[in-house]
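Here is the structure we will look at.
The values are calculated or read from the model by the stated rules, or taken from the named source; none is laboratory data. It should be emphasised that the depicted structure is a prediction, and the values quoted were computed from it without experimental measurement. Quick reminder, even Gly has a Cβ in these numbers, built from the backbone with ideal geometry, and neighbours come from all protein chains shown. We work out accessible area using only protein heavy atoms, side chains counted, and drop any ligands, DNA or RNA first. Shrake-Rupley method; radii C 1.70, N 1.55, O 1.52, S 1.80 Å.
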Amino acid sequence: MDNILKTHKILKKDFLNKDDLVFLLATTGESFQALLDKAAEIKKHYVGNIVYYRGLIEYSNICSKNCFYCGIRGGNKKLDRYQMTDDEVIEAVVFAYKNNYSSIVLQGGERNDKSFINKITSLLQKINKATDNSLGITLSLGEQTEETFRIWKENGARRYLLRIEASNRDLYRKMHPDNKKHDFDTRLESLYTLKKLEYQTGTGVMIGLPFQTLEHLAQDLVFFRDFDIDMAGMGPYIEHEDTPLYQYKDLLLPRKERFELSLKMLALLRIILKDINIAATTAMQAIDPVGREKALKAGANVIMPNLTPVKYREGYLLYEDKPCTDEEAEHCMNCLESSIRMAGDDIGYGKWGDSKHYFNRINKSK
Ligand code: SAH
Ligand code: SF4
């Protein structure tokens, strides 16, 4: 059958199986456009053309892990390590509050020691106090015990982002050291714990990793559907010279193709999990200057403007060519606003923009 005919036929189905997903991930030209159009239509219908902001605070680059892909891995000795002071965090949070962002994400390297856990708990209290409990708070601080996740939730965290990175066990193993600290099952268990504790649970993968196939990516999408995620953050893998994975750089797809594959993943995710929140990630913009806008057109509905003080940005280079390392939040805000409108969306100022999927899921189970 003609590719475009087959594409339209698959896009009309209610349920896409793994083979359908692989087929659509390989589309080009007219078929690729049909996929993007379908995702845009579903976005409009289920979540509307509204983009929600989450002010991103890159709290610390101190990390006890050694993921092979990541520029701030503990083993990278070339890096000066930082942790924002409480006052700096509160300043960023108040910026978000005053500018009606209504949500923030506190992200950083993974640490499991008591002093870190207590620090985050007290920061959550301070953030809530400074903003009259009015901000939707997301944490993205890696794997933690159930007890820690519970304490943070009791202190005001509502959402948690923990990417599975690669839902295929073998591929996951290739991306991480083979030890207890980087165990696939622990990662999975953390995700299930977050769900059990009724966090709005977000996950995602990197796209275009060495050794990754279209089957792996289709499997990732099936994993998201089976797990029934509330939010997703996905973007292209981008190499970093001071990481072990850099040795495989010759195996990578050209960046433009990695970007297009990422757009297809976003579009397919919107098609199969219609009412979740999907972020247009910074890594999309790292490859294409209008990457985030393209991601919005492909189905994303969340953007995370960076509120990290500029002096720390160079310290949080997860990958090469990360954009906006020298721009203050104020400047980012203005350029972002006009480009979102150009993509045909409005900004959900003053709205939490919770995952609709989360409430539909929770109500169904009650
Ligand atoms: N330490 C936490 C949060 C910070 S890392 C955690 O690991 O969950 C946030 C995300 O950055 C990771 O989930 C990973 O998917 C992404 N990341 C790391 N290195 C990357 C790279 N080289 N290219 C693209 N994304 C990367
Ligand atoms: Fe640490 Fe997260 Fe980077 Fe892994 S991905 S090394 S946990 S910051």
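State yes or no: is ILE120 closer than 30 Å to PRO177 by Cα, open to solvent by less than 10 Å² (accessible area, probe 1.4 Å) and either in a helix (DSSP H, G or I) or among the basic types (Lys, Arg) (or both)?
Values: closer than 30 Å to PRO177 by Cα: yes; open to solvent by less than 10 Å² (accessible area, probe 1.4 Å): yes; either in a helix (DSSP H, G or I) or among the basic types (Lys, Arg) (or both): yes.
The answer is yes for ILE120.
Find the residue count for segment 123-180, including only residues that are on the phi > 0 side of the Ramachandran plot and either under 22 Å from the mean Cα position of the chain (by Cα) or crowded, with 16+ Cβ neighbours inside 10 Å (or both). Let's see the steps before the verdict.
We begin by selecting, within segment 123-180, every residue on the phi > 0 side of the Ramachandran plot; these are 132-133, 142, 156, 165.
Within this subset, residues satisfying the condition of being either under 22 Å from the mean Cα position of the chain (by Cα) or crowded, with 16+ Cβ neighbours inside 10 Å (or both) are 142, 156, 165.
Qualifying residue count, segment 123-180: 3.
Here is a check on your reading of the model: is TYR160 under 27 Å from ALA267 (Cα atoms), within 16 Å of ligand 2 (Cβ to nearest atom) and at pLDDT 95 or above? Before you say what the answer is, go through the steps one by one.
Values: under 27 Å from ALA267 (Cα atoms): yes; within 16 Å of ligand 2 (Cβ to nearest atom): yes; at pLDDT 95 or above: yes.
It is true that TYR160 is under 27 Å from ALA267 (Cα atoms), within 16 Å of ligand 2 (Cβ to nearest atom) and at pLDDT 95 or above.
Kindly establish whether THR213 is more than 16 Å from the chain's Cα centre (by Cα) and either within 16 Å of ligand 2 (Cβ to nearest atom) or among the basic types (Lys, Arg) (or both). So that I can check it myself, show each step before the final result.
Values: more than 16 Å from the chain's Cα centre (by Cα): yes; either within 16 Å of ligand 2 (Cβ to nearest atom) or among the basic types (Lys, Arg) (or both): no.
Considered against the rule, which asks whether it is more than 16 Å from the chain's Cα centre (by Cα) and either within 16 Å of ligand 2 (Cβ to nearest atom) or among the basic types (Lys, Arg) (or both), THR213 comes out as no.
Cβ-Cβ under 6 Å, sequence separation 6+ or interchain: first residue in segment 159-184 and part of a loop (DSSP other than H, G, I, E, B), partner open to solvent by 20 Å² or more (accessible area, probe 1.4 Å) and within 13 Å of ligand 2 (Cβ to nearest atom). Which pairs?
HIS176/CYS67; PRO177/ASN66
Conditions (1) over 30 Å from LYS249 (Cα atoms); (2) open to solvent by 30 Å² or more (accessible area, probe 1.4 Å); (3) at pLDDT below 90; (4) among the β-branched types (Val, Ile, Thr), marked per residue:
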residue: ALA280; (1), (2), (3), (4): no, no, no, no
residue: PRO289; (1), (2), (3), (4): no, yes, yes, no
residue: PRO305; (1), (2), (3), (4): no, no, no, no
residue: LYS366; (1), (2), (3), (4): yes, yes, yes, no
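Take the residues in segment 94-112 that are touching a residue at least 12 places away in the same chain (Cβ under 8 Å) and of a type in the set (D, E, K, R), then tell me which one is most open to solvent (accessible area, probe 1.4 Å).
Restricting to residues being touching a residue at least 12 places away in the same chain (Cβ under 8 Å) and of a type in the set (D, E, K, R), the top hit is ARG111.
Looking only at segment 235-258, how many residues end up being aromatic (Phe, Trp, Tyr) and either out of contact with any strand residue (DSSP E or B) (no Cβ under 6 Å at 6 or more places or on another chain) or at pLDDT below 95 (or both)?
2
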